[in-house]
Structures are given as structure tokens and as C-alpha cells.
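Notes to accompany the following structure.
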């Protein structure tokens, strides 16, 4: 019996020794010691954008600030080009991606995703100058048609898979993709709503929606480095609590359900 107790005690101590370093090395502990939550993000209306004073505003900004406040630390934003945001996370440039990132199997091979905290779909904006008269979607799958998208974003993959005959041009800046269509240099762009709808509303003389169907409904989640169960536990439970208390729904409705915020950003 004594031998058995010694064996069990040894196993328990070994288990503690195995678990404790992982907990100590968690990004959650680093955040608490540092006093700031470093958030990787990219500007994208209305997820994250600059107001007239150059300050960051948007749905993601509200979410990240609330996460930081609940951790009793400061929110530190690290704007990053979208196509390099996952490598930057893996390199330790920031603690978490809170940037409207859709869950995909390909991304999940590299990072861990939390439970979804937001849901969206893609929309289409086409140029009246060069695309009016084209039937959606068949006429857009042509070598004569040019699509644009933000480099590294989910719509780029969708365009390549759905319109393989079309030309695809990719830009790091979302504003460039919009301008290419508005200027008639590209036939269409595909992006997360409500950006296409809002841009069409603001530019009825230059753009239109070739379809109003929802495309590729998606689930957005926080992304964290693999192997950190403490971080996954904290962020998942934060999402659970803030879904239940209505915070996430209220902020999403504000940023996506209307345009009361439009006068805060430069025209």
C-alpha cells in the first residue's frame, strides 16, 4: 500500500511539473506581467478604421478594448498587412489576432481559433463603367473580366475558385480595391459586407450590386498561437460571457446595422 501511495504521489507531482510550465509560459501570464494586450489587426471598414483624428475606431477596436479592460490591462494595437498577419502572430509580434478573421481549414493548420464572436458574408460591388450589362455570375467568369481583392483575404480564394478564367489583381490596401472598381479599372470586387453595400450607397453613379445574394457566410474568431490552452480558455470564455450579456451583439449592431458612425471618418 505504501509503495502504491508513493507511486501515485510521484505520478501526481510529475503531472504538476508537466502542467505548470505550460501555464507559466501562457501568453495570458505575459499580458498580465506586461500590462498590455498586443492585438494584431488590419484596417477594414467597419471592423477597424481611422477617424478624422487618426485614432482607431470600429467593431474590432471596441472588442479588443473590452477584452483588455476585462483583463485590467491596456490595449495595444499593432496594424499589420493582412497577408502577413498570421506569420507576425507566430513570430510573437503580438498576442492575438482580433481582426475579423474568418475560420478556414487552411488557416487552422497554422493557428488555433476561438469560438466565433461574429458572423458575416461576402458581397459584390461592380463598376457601372465596365461591368453594367454583365450577367452574374456566368459573364464574370471570363478572361475579359478583372476582379480585385485585398491580398491574403478570404474573398481572393473565393474569386480564384469561382471565377478561374477571370483576372485577379490583389492589393494590400482595401481602399485601393474600392478605387479600382469606382474608377472603372476593374470590373468587380468581392469583400465582407457591409463594405460593398456601403460603398455602392455612397457612389451610386459609379457602382452597383450585380447580385444581392449572400455569398460564403463566414464565422469570425480570435486567432492565437497553437499549444496555449490557457489563452484559448480565457478568450473562449470571454466570448461566451460577452455573447450572453449582449455586448458583442450591441457593438455589432452599431457598426454593421447602420451608419451612425460615418461622420467620424474622413470622406
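Every residue in region 194-221 that is within 18 Å of the chain's Cα centre (by Cα), surrounded by fewer than 17 Cβ atoms within 10 Å (Cβ to Cβ) and at pLDDT 90 or above, please.
Answer for region 194-221, where residues must be within 18 Å of the chain's Cα centre (by Cα), surrounded by fewer than 17 Cβ atoms within 10 Å (Cβ to Cβ) and at pLDDT 90 or above: just 219.
Of everything in region 84-115, what is over 19 Å from residue 229 (Cα atoms), touching a strand residue (DSSP E or B) at 6+ places or on another chain (Cβ under 8 Å) and not in a helix (DSSP H, G or I)? Give them in sequence order.
93, 99, 100, 101, 102
Can you name every residue in region 145-160 that is over 14 Å from residue 126 (Cα atoms) and at pLDDT 95 or above?
160
Mind listing just one residue for me: the one in region 154-182 that is free of Cβ contacts under 8 Å to residues at least 40 places away in the same chain and part of a loop (DSSP other than H, G, I, E, B) and, of those, farthest from the chain's Cα centre (by Cα)?
Top of the filtered list is 165.
Which condition does residue 78 not pass, out of (1) in contact with a strand residue (DSSP E or B) (Cβ under 7 Å, 6 or more places away or on another chain); (2) buried (at least 17 other Cβ atoms within 10 Å of the Cβ), if it passes all the others?
Just one mismatch for residue 78, condition (2).
Testing residue 209 on (1) touching a helix residue (DSSP H, G or I) at 6+ places or on another chain (Cβ under 9 Å); (2) in the same structural domain as residue 154 (by TED's automatic domain parsing); (3) under 24 Å from residue 79 (Cα atoms), one condition comes back false. Which one is that?
Against the list (1) touching a helix residue (DSSP H, G or I) at 6+ places or on another chain (Cβ under 9 Å); (2) in the same structural domain as residue 154 (by TED's automatic domain parsing); (3) under 24 Å from residue 79 (Cα atoms), residue 209 comes up short only on (3).
With (1) touching a helix residue (DSSP H, G or I) at 6+ places or on another chain (Cβ under 8 Å); (2) not assigned by TED's automatic domain parsing to the domain that holds residue 146 as the list, and residue 226 as the residue in question, which single condition is left unmet?
Evaluating residue 226 over (1) touching a helix residue (DSSP H, G or I) at 6+ places or on another chain (Cβ under 8 Å); (2) not assigned by TED's automatic domain parsing to the domain that holds residue 146 leaves (1) as the failure.
What are the residues in region 156-179 that are touching a helix residue (DSSP H, G or I) at 6+ places or on another chain (Cβ under 6 Å) and within 15 Å of residue 196 (Cβ to Cβ), if any?
Selection gives 178 alone.
Tally time: how many residues in region 116-129 are more than 11 Å from the chain's Cα centre (by Cα) and either surrounded by 21 or more Cβ atoms within 10 Å (Cβ to Cβ) or part of a strand (DSSP E or B) (or both)?
So the answer is 7.
Looking at this structure, is residue 231 in contact (Cβ under 8 Å) with a residue 60 or more places away in the chain, crowded, with 20+ Cβ neighbours inside 10 Å, more than 27 Å from residue 104 (Cβ to Cβ) and in contact with a helix residue (DSSP H, G or I) (Cβ under 6 Å, 6 or more places away or on another chain)?
no
Looking only at region 142-152, count every residue that is surrounded by 14 or more Cβ atoms within 10 Å (Cβ to Cβ), assigned to a loop (DSSP other than H, G, I, E, B) and on the phi < 0 side of the Ramachandran plot and tell me the total.
Residues meeting the conditions: 3.
If residue 140 passes every condition in (1) modelled with pLDDT of 95 or more; (2) farther than 23 Å from residue 87 by Cβ; (3) under 17 Å from the mean Cα position of the chain (by Cα) but one, which one does it miss?
The single condition residue 140 does not satisfy is (3).
Among the numbered conditions (1) in contact with a helix residue (DSSP H, G or I) (Cβ under 8 Å, 6 or more places away or on another chain); (2) modelled with pLDDT of 95 or more, tell me where residue 92 comes up short.
(1)
In region 90-107, which residues are over 13 Å from the mean Cα position of the chain (by Cα) and surrounded by 23 or more Cβ atoms within 10 Å (Cβ to Cβ)?
If the condition is that a residue be over 13 Å from the mean Cα position of the chain (by Cα) and surrounded by 23 or more Cβ atoms within 10 Å (Cβ to Cβ), then 95 is the only one that fits.
The values are calculated or read from the model by the stated rules, or taken from the named source; none is laboratory data. Computed from a predicted model, the values in this text were never measured in an experiment. Note: ideal-geometry Cβ built from the backbone for every residue, glycine included; neighbour counts use all protein chains shown.
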